[in-house]
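A.B. asks: One structure, pasted below without further comment.
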Amino acid sequence: MRAVWYGGGPSDSLIPGQMNFLAWLKACFAGKAEPEHLRRGKLGERAARKYLQRHGLKFLTANFRTPRGEIDLICRDSDCLVFIEVKTRSSEGWSRPAAAVDRERRQRLTRAGLDYLHRLKNPAVKVRFDIVEVLLQDGRVREVRHLPNAFAMERPYRYG
């Protein structure tokens, strides 16, 4: 037997037929905890952004996505456009966080960077790729390391 509310009270919004399906779906899944790896990643990106801004970089955008890849942060450092990959880890037991930026990941970052430049109509600007390592301890930021110019554009791609 299904319970149905009548009378126009606030409970009516829980009945799928009386509201937008997307809103109903959100209501059904509200309160679900975000996966831990996503929470850590967002924490790391916020810490990296604050760190870079304190050190003189001008923040432009975050999580730039194209079908060819995603860039965590895009900043400007004087006359240079900086594409930044943020790696957040709770330990360095196996290796440094930057070691996770392998050849395939560098190629995706390069292609996404070229897509961003294309959207800007290919300005005459210097470009570099940085990595920021964020280390956590007990769910809090312990250390932030900025590795400027961590890698060059992957072949066969070039800009400028």
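Read the figures in this text as sums done on the coordinates, not as results from a lab. Just so it is clear, the model here is predicted, and its values are computed rather than measured. For neighbour counting, all protein chains shown are included, and Cβ atoms are generated from backbone atoms with ideal geometry for every residue, glycine included.
A.B. asks: Take LYS42, LYS126 and order them by how many other Cβ atoms sit within 10 Å, fewest up front.
C.D. replies: LYS126, LYS42
A.B. asks: Kindly provide the GluC sites (Glu not before Pro) of region 61-160 that DSSP labels as loop, not H, G, I, E or B, and whose Cβ sees at most 15 other Cβ atoms within 10 Å.
C.D. replies: Here the GluC sites (Glu not before Pro) that fit, given the DSSP loop and packing criteria, are GLU92.
A.B. asks: Which order results if THR110, THR61, THR66 are arranged by neighbouring Cβ count within 10 Å, fewest first?
C.D. replies: With the fewest neighbours first, THR110, THR61, THR66 line up as THR61, THR66, THR110.
A.B. asks: Then there's this: Please state, to two decimals, what the Cα-based radius of gyration of region 36-151 comes to when divided by 2.2 N^0.38 Å (N = residues).
C.D. replies: 1.03
A.B. asks: Only bridges whose two residues both fall in region 36-151 count here: according to DSSP, what percent of them are antiparallel, nearest 5?
C.D. replies: Antiparallel bridges: around 65 percent, rounded to the nearest 5.
A.B. asks: Same structure again: Roughly how many nanometres apart are two label points built 7 Å out from the Cα toward the Cβ at ASN122 and ASN149?
C.D. replies: 2.5 nm
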